[in-house]
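Participant: Got a structure for you, questions after.
Derivation of every value follows stated rules applied to the coordinates shown; laboratory data play no part. What you see is a predicted model; the values in this text were computed from it and never measured. Here Cβ is always computed from backbone atoms with ideal geometry, including for glycine, and neighbour counts include all displayed protein chains.
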């Protein structure tokens, strides 16, 4: 029984490490070869987990091999345009200037209902509004609306909004993030002083951040 | 690029380890087969005392290999050899000539099969 626990933990750790090293893409953004690798890895890890007769190395070596293949293919598709076309495929234009590309859709076996569904998913109900609809290699549909139909941007109105950056987290659950404090050129004394002004201390704070305008936001623990 | 170098080094290491394992398995299998042959000869010449001595040596040698083989070989196959070895030992102790020879032939085949299964050849790949 304990053997199963140890083997499971080893295989789980190895799978997580290799998947972590492979990158941060989500399932919906995977390239076809990446999806194949993920499915195969999960199967390879599961078999030696259930069957203790199979040496654990018989699961680990194929997982490593798939990881090596993945890194090599990613590297090739990064460096060579033609390799990328072969490995990942090429994006396909399904709508061009509000015209459905029937030939391309037939080639991809992509029916009109699928296309309309994906367009609705992108809040587009009228094909006539679409300048381009491109089916990406990951299977996602990118929709570019006609210029007169896209939402107004500040630039269209001649407005130049000020620079916005992300709020910097300073305290989480009473623990001060010293790295982020240094990032905003402040120190612990400054933070404690700010908290004292508001009648609290960093230990009592559940969450605190400094926004782009330099305002300190915090909430005490309940 | 660092990950690439790590992958190349790991692949070379795994590949070399694979070659070394295949070589060691072949060597061990040959050695065990030789021992089995000696026991068979003893039985054929009705030298049961020597047969008992040699099967003990075979068992002890098998014990040495059995320590690291499970890392690479299906544990079920190892168990099968161990069960057969125990049966062969008992037949020799009871001086059952045909049963002992039959059991030893089975062990020889199983031992020869182990490196065969790990070899890189078209039959195994397909």
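Participant: What angle, in degrees between 0 and 90 and rounded to the nearest 10, separates the Cα long axis of helix B:97-118 from the longest principal axis of the Cα atoms of chain B?
Facilitator: Compared with the principal axis, the helix lies near 10 degrees.
Participant: For the residues A:63, B:72, A:95, A:39, what sequence is obtained by ranking on other C-beta atoms within 10 Å, fewest first? Before the final figure, lay out the partial values.
Facilitator: On the way: A:63 22, B:72 18, A:95 25, A:39 10.
Ordered from fewest to most neighbouring Cβ atoms within 10 Å, A:63, B:72, A:95, A:39 come out as A:39, B:72, A:63, A:95.
Participant: Let me ask something else about it. Along Cα→Cβ, 7 Å out, is where each label goes; now give me the distance between the ones at residue A:172 and residue A:40 in nm to one decimal.
Facilitator: About 3.6 nm separates the two model spin labels.
Participant: Which percent of Cα-Cα pairs in region A:117-180 sits in each 10 Å bin, short to long?
Facilitator: 16, 26, 19, 22, 16, 1
Participant: Let me ask something else about it. As a footprinting exposure proxy, order B:59, A:81 by other Cβ within 10 Å, with the fewest listed first. Let's see the in-between values first.
Facilitator: Values: B:59 16, A:81 8.
If I rank by nearby Cβ atoms, fewest first, I get A:81, B:59.
Participant: Can you compute the helix-only [θ] at 222 nm over chain B? Use -39500 (n - 2.57) per DSSP H run of at least 4 residues, normalise by all residues, nearest 500 deg cm²/dmol. If you can, show how the numbers build up before the last one.
Facilitator: Working: 5 runs with 107 residues, N = 126.
Rounded to the nearest 500, it is -29500 deg cm²/dmol.
Participant: Show me, bin by bin at 10 Å from 0, the whole-percent P(r) of region A:57-115 based on Cα pairs.
Facilitator: The percentages, shortest bin first, are 19, 28, 24, 20, 8, 1.
Participant: Quick one: angle between helix B:48-66 and the longest Cα principal axis of chain B, in degrees between 0 and 90, rounded to 10, please.
Facilitator: 20 degrees
Participant: Any idea what Rg and Dmax come out to for region A:139-222 if you just take the C-alpha atoms, in Å?
Facilitator: Calculated on Cα positions, Rg and Dmax stand at 19.4, 54 Å.
Participant: Give or take rounding to whole Å, what are the principal axis extents of the alpha carbon atoms in region A:92-145, in descending order?
Facilitator: Each principal axis gives a Cα extent; for region A:92-145 these are 24, 20, 18 Å.
Participant: Under the 0.36 nm per residue contour assumption, what length would be gained going from the current alpha-carbon distance of residue A:82 and residue A:9 to full extension? Intermediate results must be reported in sequence, preceding the final value.
Facilitator: On the way: separation 73, 0.36 × 73 = 26.28 nm, distance 4.04 nm.
In short, 22.2 nm is gained.
Participant: Taking only DSSP H segments of four or more residues, each worth -39500 (n - 2.57), what value at 222 nm results for chain A once the sum is divided by all its residues, to the nearest 500 deg cm²/dmol? Could you put the intermediate results ahead of the total?
Facilitator: Numbers: 8 runs with 104 residues, N = 222.
For chain A, the value works out to -15000 deg cm²/dmol.
Participant: Return the FRET efficiency for the residue pair residue A:140, residue B:116: r is the Cβ-Cβ distance, R0 is 51 Å, and the value is rounded to the nearest 0.05. Write out the running numbers ahead of the final one.
Facilitator: Numbers: r = 49 Å, r/R0 = 0.96.
FRET efficiency, residue A:140 to residue B:116: 0.55.
Participant: Using the basic label-point model (7 angstrom from Cα toward the beta carbon), what is the residue B:1 to residue A:188 distance in nanometres?
Facilitator: 4.0 nm
Participant: Ranking B:82, A:34 by Cβ neighbours within 10 Å, fewest first, what do you get? Before the final figure, lay out each step's value.
Facilitator: Numbers: B:82 15, A:34 20.
Fewest-to-most Cβ neighbours within 10 Å comes out as B:82, A:34.
Participant: Given the alpha-carbon gyration tensor of chain A, what are the semi-axes of its equivalent ellipsoid in whole angstrom, ordered largest first, with each equal to the square root of 5 times an eigenvalue? Write down the numbers at each step before the final one.
Facilitator: Working: eigenvalues 344, 277, 49 Å².
Largest first, chain A gives 41, 37, 16 Å.
Participant: Rounded, prolate or oblate, given the Cα gyration tensor of region B:2-120, with a/c below 1.5 counting as rounded?
Facilitator: Details: a/c = 3.35, a/b = 3.04, b/c = 1.10.
Verdict is prolate for region B:2-120.
Participant: If the label point is 7 Å along Cα→Cβ of residue B:99, which residues in region B:44-88 have backbone nitrogen under 20 Å from it?
Facilitator: Only B:44-56, B:59, B:80-88 fall inside the zone, counting backbone N under 20 Å.
Participant: What's the angle, to the nearest 10 degrees (0 to 90), between helix B:2-44's Cα axis and the longest principal axis of chain B?
Facilitator: That helix lies at roughly 10 degrees to the long axis.
Participant: If I take the Cα coordinates of region A:2-86 and project them onto the principal axes, what are the three extents in Å, biggest first?
Facilitator: 49, 21, 16
Participant: Contour minus end-to-end for residue B:10 and residue B:47, with contour as 0.36 nm per residue of separation and end-to-end as the Cα-Cα distance? All intermediate terms of the calculation are to be shown ahead of the outcome.
Facilitator: Values: separation 37, 0.36 × 37 = 13.32 nm, distance 5.16 nm.
So the extension gain works out to 8.2 nm.
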